[in-house]
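Colleague: Can you read through this structure? Questions will come right after.
The values are calculated or read from the model by the stated rules, or taken from the named source; none is laboratory data. In this text, all values refer to a predicted model and were calculated from it rather than measured experimentally. Using ideal geometry, Cβ is built from the backbone for each residue, glycine included, and neighbour counts are taken over all protein chains shown. Each accessible area value is taken on the protein alone, full model and side chains, heavy atoms only, with ligands, DNA and RNA left out. Shrake-Rupley method; radii C 1.70, N 1.55, O 1.52, S 1.80 Å.
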Amino acid sequence: MSDVALLPQVTAFLGRRQGHFIHGEAQEGQGAAFSVTNPATGDTLLTLKGADEAQAHAAMQAAQAAFAPWRDMPTLQRGALLLKLADALAEEREALAQLESLCSGKTIQLARMLEIDQSVAFLRYFAGWAGKINGETLDVSLPSFAGEKYTAFTRRQPVGVVVGIVPWNFSIMIAVWKLAAALVCGCTVVLKPSEYTPLTLLRVAELATACGFPPGVINVVNGSGALLGPLLIGHPACAKVSFTGSVATGNAVNRLATEQGKRVTLELGGKNAALFLDDLSPEEMVNGILEAGYLNQGQICAAAECFWLPEQKMEAVLALLSERLAAMPIGSPLDEATVVGPLANRAQFDKVLGLIEQARAEGDEIVCGGQAQGGKGFFVQPTAIRVASVDSTLMREETFGPVGSFIAYQDAEQALATINDSPYGLAASVWSHNLSHALRISERLEAGIVWINMHTFLDPAVPFGGVKGSGIGREFGSAFIDDYTELKSVMVRY
Ligand code: TXE
C-alpha cells in the first residue's frame, strides 16, 4: 500500500503563512517562531510565529466585543450556524483529516473517523440544545398580607468569553467539544491549540467564518502555553477556562483561574484500568485489550493502561496479545492500511521510551515490543509489559503511549480495591459475560465513566469527566450546561 495523495488544498494551506485567527481574520504572529514537525518523518512541516501579548489580548477583546450580539442572537439561529459548521466539516473531511494526520501522526483512517466524523456528530448534538437550555418556574412561599402574589423563575445565561485550551492528541475533536458547548450556550471562545498541532483549528475557524459566524465569536491563538495561558486566563474578559491536558499543567491552570475567580473545567489524564473477569476466553480478553489500550498509539486520555487479568488466564492472553500486536501494520499514517502510526511528537516519544526503560530497570517483563521502530519518525512498537508488582512505576505513571501494563489477580475484590487506590479516576472498564457481576463492580469503580464490555467510546449524550485528580466538571450530555451558564433567579411581586 502507499500514502493517499495529498489534496491540493492541503498543500496550498501548508504553503501559506499561518498564525492565528482573530476577529474573523487569519493573522500572522508577532511573537516567537516555532516549527510544526511531521512526527512520521521528523521533518519540519512549517514554521509559524506565536501570538505576542498584544495579539493574545486582541483575541480576548474580539471575543468580548462579539459576546453581547452573539448572546442576543435568536437561539435557533445560533444552533443553525453550528449545524452549518458541521456540514462544512463533513464536506472538508478529507482535507482536514490529511492535515491532522500530517501534524499529529494520527492514522488517516482515525483522523477521518474520530477527528472529523465525531466532531460533526458532536456539533450536531450540541446544535440540538439550541432552544432547550431553560430555567424553571418556582413556587414561592412568601406570605401575602394585602393580596399581593409572588412568583419566581430562573434563566440560564451564558458566562461570557471562554478560553479553551486544547491538547495535541485530538486537536479538532476536543476543541469542538469546548467550542460547540460554549457557542450553543451563547458564550464566545478563544481557543489555544497545542504547539504541536496548531494548524487544523485555523482551518476550522476559517470554515466557521465562511458559514456566517460573526467575527470574534471564534478566535484561535497559537504559541507557547506557558506564555499564552496566563495572558488569556488573566485577561479580565475571561469568564471560564476549559482545559484538556496533563495533570501538572491542568493543576497550574486551575490555580491561576481560581485565584482570579474564573470558572474552570479540567479534563486531565490519569491511569485508567480495565478489569477482565475470569469467565471470558483469552481471545475475548485480547479483543478488549486492543480496543481499550492501543487505539491512536494509546494517546487517548480515556484509554486503559493497566490491565487486570485473572492469574490462570495471564499466560494465554499475553501469548495471543503478543501475536496480535506484532502483526499490526506500523508505518506511514497516511497509508490507509496502517494501524500503528508514530507518536505525536518527540517529547512524547522520549517520554514513552523513558518509561519503558524504567520498567526494564525495575524488573518488569517486556513481553512484546518495547523498542522504537527505528528509521525516521517517532514510532514505538506496540508494547505489552508484565509488571513485577503493583508498586511498579508503570502502575502509576501515565505513558500516554502504546504500552499496556499487565498484572495478574486471584481475587477480583482485591483487584478492585487496588484499582480504586489511585489518585486518579477518569475512566475504567469491566469485562464479563456476567452482567450482574459487572454492574455491581461498575457501581464501586471510582471513575467518572465506567464502561462494561467496551472501552474508550465517547458519545455526546453521555457525560464525560474525571473524579479525584483526573478533573473537574463534565462535558457532554446536559451536564455541560452548568459549566457554561450562570443560573439567574428572577422574583416578581404582582
Ligand atoms: O500537555 P500539556 P503536553 C498528558 C500525557 C502527555 C502529557 C504531556 O500524559 O504525555 O500530558 O503532554 C497548554 N497555561 N496528556 O505537554 O502541557 C499547551 O500549550 C495554560 C493528557 O502536551 O498539558 C497545550 O495547548 N496552558 C491529555 C495544552 O496546555 C498551558 C492530552 C496541553 O499541554 C500551559 C494531552 C500553561 N502554563 C496530554 N502550559 C488528555 N487528558 O487527554 C501548557 N499549556
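Colleague: Go through the range 387-424 and give me each residue that's charged (D, E, K, R) and surrounded by 20 or more Cβ atoms within 10 Å (Cβ to Cβ).
Modeller: Within the range 387-424, just 398 meets the criteria.
Colleague: Looking at 131, 79, can you tell me which residue is assigned to a helix (DSSP H, G or I) and more than 20 Å from the chain's Cα centre (by Cα)?
Modeller: After ruling out the rest, the residue left standing is 79.
Colleague: Identify, please: which residue in the range 162-204 is away from the ligand (no atom under 16 Å from the Cβ) and hydrophobic (A, V, I, L, M, F, W, C) and is, among those, nearest to residue 119 (Cα to Cα)?
Modeller: 180
Colleague: What are the pairs, 6+ residues apart or on separate chains, where a residue within the range 233-250 that is closer than 17 Å to residue 424 by Cα has its Cβ under 8 Å from a residue that is aromatic (Phe, Trp, Tyr) and within 10 Å of the ligand (Cβ to nearest atom)?
Modeller: Matching pairs, first to second residue: 249/243; 250/243.
Colleague: Quickly run through the range 290-317 and pick out the residues that are surrounded by 22 or more Cβ atoms within 10 Å (Cβ to Cβ) and hydrophobic (A, V, I, L, M, F, W, C).
Modeller: 292, 300, 301, 302, 303, 304, 306, 307, 308, 309, 317
Colleague: Restricted to the range 252-285, and to residues that are part of a helix (DSSP H, G or I), touching a residue at least 60 places away in the same chain (Cβ under 8 Å) and open to solvent by 10 Å² or more (accessible area, probe 1.4 Å), which residue is nearest to the ligand (Cβ to nearest atom)?
Modeller: Looking at residues that are part of a helix (DSSP H, G or I), touching a residue at least 60 places away in the same chain (Cβ under 8 Å) and open to solvent by 10 Å² or more (accessible area, probe 1.4 Å), I get 253.
Colleague: Could you check, for the range 41-63, whether at least one of its residues is of a type outside the set (A, V, I, L, M) and under 21 Å from residue 183 (Cβ atoms)?
Modeller: Yes: one or more hits.
Matching residues to (1) more than 18 Å from residue 237 (Cβ to Cβ); (2) in the same structural domain as residue 62 (by TED's automatic domain parsing); (3) open to solvent by 10 Å² or more (accessible area, probe 1.4 Å); (4) out of contact with any Cys (no Cβ under 8 Å at 6 or more places or on another chain):
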site: 159; (1), (2), (3), (4): no, yes, yes, no
site: 164; (1), (2), (3), (4): no, yes, no, yes
site: 172; (1), (2), (3), (4): yes, yes, no, yes
site: 179; (1), (2), (3), (4): no, yes, no, yes
site: 197; (1), (2), (3), (4): yes, yes, no, no
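Colleague: Do any strands (runs of 3 or more DSSP E) entirely within the range 314-432 hold 1 or more residues that are within 16 Å of the ligand (Cβ to nearest atom) and not assigned by TED's automatic domain parsing to the domain that holds residue 170, and if so, which?
Modeller: So the answer is 383-386, 403-409, 427-431.
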